[in-house]
Amino acid sequence: MSDSSDDGPPSVEYDPEAECYRVETDFDALKPSVVVTRTVGIVRDRDPTDLPSLATHVDVAALNALRGDDSVVVSFAYDGTLVRVGMAGWVEVEPDGPE
């Protein structure tokens, strides 16, 4: 899988107990920032290019540089969602997060 705009994120699954959407992927194949914007786009039913710039909410270069240690979790608000990124390769999106 590449970062091209033709590739979507891996399968997005809803976890009713956690009340969030979850994606598990290989961040070496697809950058965390790309997975975040595509997943939030799916959750919000919007084209990722119509979302606000991710860079106004998180340091994108730092997010993309972190890898492999699941003890590292980055959380931030983005377009009315709460996003959590586990550096071992997962993204969770709560649809009713802070603005």
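The values are calculated or read from the model by the stated rules, or taken from the named source; none is laboratory data. The structure presented is a predicted model; accordingly, all values stated were derived computationally and were not measured. Counting neighbours? That spans all protein chains shown, and the Cβs are built from the backbone with ideal geometry, glycine included.
Here are a few things to note about the model shown:
- Count of residues meeting criterion [charged (D, E, K, R) and under 20 Å from THR25 (Cα atoms)] in segment 50-81: 3
- For segment 64-99, the set of residues classified as farther than 18 Å from CYS20 by Cβ and within 13 Å of the chain's Cα centre (by Cα) consists of ASN64 only.
- Considered as a group, the residues in segment 1-14 that are touching a Lys or Arg at 6+ places or on another chain (Cβ under 7 Å) and assigned to a loop (DSSP other than H, G, I, E, B) include one that is modelled with the lowest pLDDT, and that residue is ASP3.
- Of all residues in segment 15-37, those satisfying the criterion of being assigned to a helix (DSSP H, G or I) and among the hydroxyl-bearing types (Ser, Thr, Tyr) are SER33, THR37.
- Residue tally, condition closer than 21 Å to VAL12 by Cα and either outside any loop (DSSP other than H, G, I, E, B) or not acidic (Asp, Glu) (or both), over segment 38-70: 18
- The residue list GLY68, GLY41, GLY89 contains one member that is at positive phi and either of a type in the set (Ser, Thr, Tyr) or modelled with pLDDT of 90 or more (or both), which is GLY89.
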